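The values are calculated or read from the model by the stated rules, or taken from the named source; none is laboratory data. Worth saying up front: this structure is predicted, and the values here are computed from it rather than measured. All Cβ positions, glycine included, derive from the backbone under ideal geometry; neighbour counts span all protein chains shown.
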Amino acid sequence: MSSAEVSDVLAVAEHRRGDLRDVSYEVITAGRQLADATGGDLHLAVISGDVDGFAEKLNREGVDEIHTVDYGEEFNHDVYVQAIEALCDDLDPAVLLMPNSVNGLDYAPAVANALSLPLVTDAIGFEWNGRLTATREMYNSKVETTIEVDAGRVAVTIRGGEWPGAEGTGDADVSAFDVEIDEDALGSRVTGFEEASLGDVDISEADVLVSVGRGIEEEENIDLVRELADALDATLSASRPIVDNGWLPKNRQVGQSGKVVTPKVYLAIGISGAVQHVAGMKGAETIVAINTDPNAPIFDIADYGIVGDLFDVVPELIDEFEG
């Protein structure tokens, strides 16, 4: 099939331990953007687990058809590779869209290799003009680069938090995709889960984050911000300098070398807004910044900003929310 005839987009959903991951809704938004550009339909693959339940939740605006593969409960590398390869053989999409997650980066290279597709990872944006041009970041997010793929078909993984999650109720057709999984080729199986010792919280799951940066000056001053977090029923997080100093554990770090977070509210206290940190939190619904420097980069992306000394502002906020 020639590249001019290839136009559909196939996106792959992701789930873990019975729950859909946020990126499942984000690939719908990204996929719809691409499908509008290619002039094709957006197909969504739901593989393993409660596929019918997942399909119902993912039937959002913009999805044209959902294909379910009911095999196993949890992610399995070989199952995903076989299922996606079969779906691509059947649908022949112009773009195969996958999450740039631990699971996505596990199977994406294998699928791309099996289908002889060029693979672009960690995309934060793209355009389509008969060929894909993807935007990526380099040098710790200091530089944005564009990559034009000289091929009519391409596989892409997208960074979580870069696209909003799809909303609205859709009317996509849902159908079970008939693929015969070669069980002899399954090199592994999931027998259970054991949580890694990463600390007491997962900041990526928090609805409200109060994040502290080097403006806090001393370790003992973190208690003040922690008090505000408690008053807001929020989770405490931090920028890299706080973690590098050993004042908070690594699992609390937001940023490119920490975790990407997408809370409903992100309160940045004493954080200047370095690109590495912004890369990890710019997907928050509402960003509030407190900084003494009115020219701090964090104000460029903040929805609300307070120019002032955090040691004056934070106690006032605590009194307001505790009152």
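Name every residue in the range 137-158 that is modelled with pLDDT of 90 or more and not in a strand (DSSP E or B), in order of residue number. Residues satisfying the conditions are Val149, Asp150, Ala151, Arg153. For the range 113-136, taking the residues that are at positive phi and in a loop (DSSP other than H, G, I, E, B), the one that is surrounded by the most Cβ atoms within 10 Å (Cβ to Cβ) is identified as Gly130. When Val307 is tested against (1) buried (at least 19 other Cβ atoms within 10 Å of the Cβ); (2) touching a Pro at 6+ places or on another chain (Cβ under 7 Å); (3) among the aliphatic types (A, V, I, L, M), just one condition goes unmet, and that condition is (1). Restricting attention to the range 68-88, the residues that are surrounded by 23 or more Cβ atoms within 10 Å (Cβ to Cβ) and in a loop (DSSP other than H, G, I, E, B) add up to 1.
Where residues in the range 141-171 are more than 15 Å from Gly31 (Cα to Cα) and small (Gly, Ala, Ser), which of them is surrounded by the most Cβ atoms within 10 Å (Cβ to Cβ)?
Keep residues of the range 141-171 that are more than 15 Å from Gly31 (Cα to Cα), which gives 141-152, 168-169, 171.
From what's left, small (Gly, Ala, Ser): 141, 151-152, 168.
Values: Ser141: 19, Ala151: 14, Gly152: 17, Gly168: 8.
Per the criteria, the residue is Ser141.
When residues of the range 249-264 are filtered for being over 10 Å from Met281 (Cα atoms) and outside any loop (DSSP other than H, G, I, E, B), how many remain?
Restricting attention to the range 249-264, the residues satisfying the condition of being over 10 Å from Met281 (Cα atoms) are 249-253, 257-258, 264.
Cutting the leftovers down to outside any loop (DSSP other than H, G, I, E, B) gives us 250-253.
Qualifying residue count for the region: 4.
In summary, Thr262 fulfils each of the numbered conditions (1) over 26 Å from the mean Cα position of the chain (by Cα); (2) farther than 18 Å from Glu217 by Cα; (3) surrounded by 18 or more Cβ atoms within 10 Å (Cβ to Cβ) with the single exception of condition (1). Mind listing just one residue for me: the one in the range 232-248 that is under 22 Å from the mean Cα position of the chain (by Cα) and part of a loop (DSSP other than H, G, I, E, B) and, of those, farthest from Phe321 (Cα to Cα)? Among those residues, the one meeting the criterion is Ser239.
Just one of the listed residues (Ser188, Ser175, Ser204) is surrounded by fewer than 12 Cβ atoms within 10 Å (Cβ to Cβ) and either outside any loop (DSSP other than H, G, I, E, B) or touching a Leu at 6+ places or on another chain (Cβ under 9 Å) (or both), namely Ser175. Of all the residues in the range 281-316, those that are closer than 18 Å to Ala206 by Cβ and at pLDDT below 95 number 5.
For the range 217-240, name all the residues that are basic (Lys, Arg) and either crowded, with 17+ Cβ neighbours inside 10 Å or under 19 Å from His277 (Cβ atoms) (or both).
So the first thing to find is which residues in the range 217-240 are basic (Lys, Arg), and the list is 226, 240.
Scanning the range 217-240 gives a single hit, Arg240.
Residues in the range 266-323 that are of a type in the set (Phe, Trp, Tyr) and either touching a strand residue (DSSP E or B) at 6+ places or on another chain (Cβ under 8 Å) or in a loop (DSSP other than H, G, I, E, B) (or both): Tyr266, Phe299, Tyr304.
Screening Gly161, Gly104 for residues that are touching a Gly at 6+ places or on another chain (Cβ under 8 Å), within 21 Å of Leu20 (Cα to Cα) and small (Gly, Ala, Ser) leaves exactly one candidate, Gly161.
Considering only the range 79-118, state which residues are touching a residue at least 24 places away in the same chain (Cβ under 8 Å) and under 18 Å from the mean Cα position of the chain (by Cα). The answer is Leu96, Leu97, Met98, Pro99, Asn100, Ser101, Asn103, Gly104, Leu105, Asp106, Tyr107, Ala108.
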